[in-house]
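The values are calculated or read from the model by the stated rules, or taken from the named source; none is laboratory data. The model shown is predicted, which means the values in this text are computed figures rather than measured ones. Because the Cβ atoms are built from the backbone with ideal geometry, glycine has one as well, and the counts that use them run over all protein chains shown.
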Amino acid sequence: MADSCVFCAIVEGRIPSHKVYEDEKTLAFLDIHPSAPGHTLVIPKAHVARVEDLLEEDARYLFAALHRIVWRIQEAVGAPASTISINNGRESGQEVPHVHIHVIPRGKGDRGGII
Ligand code: AMP
Ligand code: ZN
């Protein structure tokens, strides 16, 4: 899709990733700089920068994928909870301009703080 986009490169297999989930419209893989073990990014395969740019169908798939995998991610690392977040736009701290949902497993006393 977008030649210079690192997440499109992952979708297309041009750069490696540790995939944890994939369907027709969605991919999830481990964050390369995890905030906690199991830190996962869930992305639409289509290149769009921001949530409001998503096709409604892609948004539905994205959240359905999140719903399907969040408990599995938590279970895989023995975490009772997770912080789920989206940086939406450069000024919010979004570094990769391809929509992605952060799933960060959380545990009591991990000092991760809240958003
Ligand atoms: P954000 O600041 O919300 O745009 O977050 C971008 C995230 O993408 C960061 O947590 C990075 O560690 C992660 N990231 C960047 N490049 C890669 C990559 N090649 N594979 C996996 N995660 C990446
Ligand atoms: Zn992209």
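List of remarks:
- Residue within region 22-29 that is out of contact with any Ser or Thr (no Cβ under 8 Å at 6 or more places or on another chain) and on the phi > 0 side of the Ramachandran plot present: no
- In this structure, residue 83 does not qualify as under 22 Å from residue 9 (Cβ atoms), touching a residue at least 12 places away in the same chain (Cβ under 8 Å) and of a type in the set (S, T, N, Q).
- Within region 65-83, one or more residues are closer than 19 Å to residue 20 by Cα, among the aliphatic types (A, V, I, L, M) and assigned to a strand (DSSP E or B).
- Failed criterion for residue 35 (all others in (1) within 14 Å of ligand 1 (Cβ to nearest atom); (2) in contact with an Asp or Glu (Cβ under 6 Å, 6 or more places away or on another chain) hold): (2)
- Of all residues assigned to region 1-14, at least one qualifies as being buried (at least 18 other Cβ atoms within 10 Å of the Cβ), within 16 Å of ligand 1 (Cβ to nearest atom), modelled with pLDDT of 95 or more and of a type in the set (Phe, Trp, Tyr).
- Count of residues meeting criterion [within 9 Å of ligand 2 (Cβ to nearest atom) and either part of a loop (DSSP other than H, G, I, E, B) or closer than 16 Å to residue 86 by Cα (or both)] in region 1-43: 6
- Filter pass, residue 99 being closer than 18 Å to residue 9 by Cα and within 15 Å of ligand 2 (Cβ to nearest atom): yes
- Residues satisfying the stated conditions in region 46-105, i.e. within 12 Å of ligand 1 (Cβ to nearest atom), in contact with a His (Cβ under 6 Å, 6 or more places away or on another chain) and of a type outside the set (Val, Ile, Thr): 85, 98
- Exactly one residue out of 84, 115, 69 is over 13 Å from the mean Cα position of the chain (by Cα), among the hydrophobic types (A, V, I, L, M, F, W, C), more than 16 Å from ligand 2 (Cβ to nearest atom) and surrounded by fewer than 19 Cβ atoms within 10 Å (Cβ to Cβ), and it is 115.
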